[in-house]
Amino acid sequence: QVQLVESGGGLVQAGGSLRLSCEASGRTFSYYTMAWFRQVLGKEREFVAAISWSGGDKYYADSVKGRFTISRDNAKNTVYLQMNSLKPEDTGVYYCAAKGSGTSYLETAYNYWGQGTQVTVSS
């Protein structure tokens with residue numbers, strides 16, 4: 001069982017940066033693939049980025065490539081999402097998610113979810 005708690009969201013102007021954090025409970029954090037998804041009101045939740053258990057493999061949605069960076073610190077049971085050059089269309093609730101081995105961009109592949117943190121980018 002894994003419990004996830006996100007933090008770091010907020011209001012930022014376009015072009016600015018934010019770093020999201022997701023702290024996980026449980027002793028097996030290092031075994032899990034971790035990911036970030038986001039959801040805009042009225043739309044489906046969409047994949048943003050994923051990172052393998054070792055941190056060696058990272059995957060990004062085309063819309064965030066070159067601007068966002070996912071990383072993890074297994075000693076701190078924490079995964080991060082560094083978001084640079086933010087755009088108004090990045091606005092949404094950002095969710096942290098965990099699954100067993102193997103990375104995926106599919107929401108249904110992830111077993112554990114955080115409560116979400118709001119990111120708002122003003123123009």
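Structural remarks
- For the range 77-91, filtering for residues that are open to solvent by 20 Å² or more (accessible area, probe 1.4 Å) and of a type outside the set (D, E) leaves 8.
- Filtered residue count, the range 96-123, keeping only those that are within 16 Å of A50 (Cα to Cα) and in contact with a Lys or Arg (Cβ under 7 Å, 6 or more places away or on another chain): 4
- Within the range 14-44, tally of residues that are in contact with a helix residue (DSSP H, G or I) (Cβ under 7 Å, 6 or more places away or on another chain) and open to solvent by 60 Å² or more (accessible area, probe 1.4 Å): 0
- For the range 32-84, the set of residues classified as among the polar types (S, T, N, Q) and in a strand (DSSP E or B) consists of T33, Q39, T69, S71, T78, Q82, listed by residue number.
- Extreme residue, farthest from Y32 (Cα to Cα), among residues of the range 78-123 that are of a type outside the set (D, E, K, R) and touching a helix residue (DSSP H, G or I) at 6+ places or on another chain (Cβ under 6 Å): S123
- Failed item, numbered, when Q115 is tested on (1) closer than 14 Å to L4 by Cβ; (2) over 14 Å from the mean Cα position of the chain (by Cα); (3) among the polar types (S, T, N, Q): (2)
- Of all residues in the range 92-123, those being in a loop (DSSP other than H, G, I, E, B), within 17 Å of K43 (Cβ to Cβ) and open to solvent by 40 Å² or more (accessible area, probe 1.4 Å) number 2.
- Residue within the range 2-10 that is exposed (fewer than 14 other Cβ atoms within 10 Å of the Cβ) and over 15 Å from the mean Cα position of the chain (by Cα) present: no
The values are calculated or read from the model by the stated rules, or taken from the named source; none is laboratory data. Small disclaimer: the values here were computed from a predicted structure and weren't measured. Reconstructed Cβ throughout: ideal geometry from the backbone, glycine too, with neighbour counts over all protein chains shown. Heavy atoms of the whole protein, side chains included, go into the accessibility calculation; ligands, DNA and RNA do not. Shrake-Rupley method; radii C 1.70, N 1.55, O 1.52, S 1.80 Å.
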